[in-house]
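Worksheet for the structure shown next.
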Amino acid sequence: MTSSPPQKKRHMIYYPMPTGKSTAQTIILANGDFPCHPVPVSILQYNQDRLVCCDGAANHLFDHHLTAQTIIGDGDSLSSENQAKYQDQFVKISEQNTNDLTKAVLFCQSKSIQSLIILGATGKREDHTIANIALLVDYLSIIETVTMITDFGVFNAIRQSSNFESYSGQQVSLFSPSPTPITTKNLKYPLDKQSHTYWWQGTLNESLTNEFIIEVNEALIVYRAFQE
């Protein structure tokens, strides 16, 4: 069954768990660890016709029997061999004020894309991982729906009350870029209009049932772990 994108449900946004057939208008492959979990691997294979690749990640496309419609970046991470090989797909953006993932997201915005799945954005350098996760908040203002899927789970940034598909015992973490009142339902450690001043304070919670609700009015990053 194909996973549907986030949708309205009981006057709030509903976020399903991703499956191997989840889709979006565009799939972005970043230059972190290449996906190995069955869900992101299947999403890559299922959505090759809508794949935008950050330039460093393009070095691995051939090894995984994948193709990309567009490759974006400053070219620093793309081998000269692949720059020549993918010259028709390569969009070079030399400015250094944004990273390659943001260049790819802005490119999608320029094409009126409003739903994205981001893969390969974590792993390798920890500073890149933290930056890419934090950037989900910035993307809220320009892209309607952004889902970041890793080998261990899924991140979504929200700015309004939302309902999340889950399972009993699912590990859930909440990251507040700035203090904002948070209320939760169906989490083991409930919050009632509680604000967090440090990123770690909302981590290591747990879902009690097949869905949980978060009520919030400002930006919040939500992480849900895959079922082992």
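Bear in mind that the values in this text are calculations on the coordinates, not laboratory data. Model, not experiment: these values are computed from the prediction. For neighbour counting, all protein chains shown are included, and Cβ atoms are generated from backbone atoms with ideal geometry for every residue, glycine included.
For the chain, the antiparallel share of DSSP beta bridges with both residues in that region comes to about 55%. When the trypsin sites (Lys or Arg not before Pro) in segment 67-169 are filtered for DSSP coil states and for at most 14 other beta-carbon atoms within 10 Å of their beta-carbon, the remaining sites are LYS111, LYS124, ARG125. For segment 138-227, applying the loop criterion from DSSP together with a ceiling of 10 other beta carbons within 10 Å to the chymotrypsin sites (Phe, Trp or Tyr not before Pro) yields TYR198.
Of LYS124/LYS193; LYS21/LYS124; LYS103/LYS193; LYS124/LYS188; LYS111/LYS185, which ones are farther than 28 Å apart at the Cα?
Numbers: LYS124/LYS193 36 Å; LYS21/LYS124 26 Å; LYS103/LYS193 36 Å; LYS124/LYS188 32 Å; LYS111/LYS185 37 Å.
Table pairs above 28 Å Cα-Cα are LYS124/LYS193; LYS103/LYS193; LYS124/LYS188; LYS111/LYS185.
Fewest first, what order do LEU208, LEU29 take by the number of other Cβ atoms within 10 Å? All intermediate terms of the calculation are to be shown ahead of the outcome.
Details: LEU208 16, LEU29 31.
Fewest to most other Cβ atoms nearby, the residues stand as LEU208, LEU29.
Gain in length, GLU228 to GLN109, computed as 0.36 nm per residue apart minus the alpha-carbon separation, to one decimal in nm? Write down the numbers at each step before the final one.
Numbers: separation 119, 0.36 × 119 = 42.84 nm, distance 3.47 nm.
So the extension gain works out to 39.4 nm.
Dividing the convex hull volume of the alpha carbon atoms of the chain by its residue count, what do you get in Å³ per residue? Dividing the Cα hull volume of the chain by its residues yields 121 Å³.
Provide the percentage of antiparallel DSSP beta bridges, counting only those with both residues in segment 1-116; round to the nearest 5.
Here the share of antiparallel DSSP bridges comes out near 25 percent.
Considering only PRO40, ILE72, THR102, and ranking their Cα positions along the charge dipole of segment 1-148 that arises from unit charges at the beta-carbon of Lys, Arg, Asp and Glu, the one farthest toward the positive end is PRO40.
Divided by 2.2 N^0.38 Å, where N counts the residues, the Cα radius of gyration of segment 20-151 comes to 0.95.
Taken one residue at a time, the phi angles of segment 101-116 give Karplus couplings (6.51, -1.76, 1.60, θ = phi - 60°) of 4, 5, 4, 5, 5, 5, 4, 4, 4, 5, 9, 6, 6, 10, 9, 10 Hz. Gly and Pro are set to x. Segment 18-35 and segment 132-199 have Cα centres separated by 19 Å. Taking 1.567 mPa s as the viscosity and 4 °C as the temperature, the Stokes-Einstein diffusion coefficient of segment 159-225 based on its alpha-carbon Kirkwood radius rounds to 113 µm²/s.
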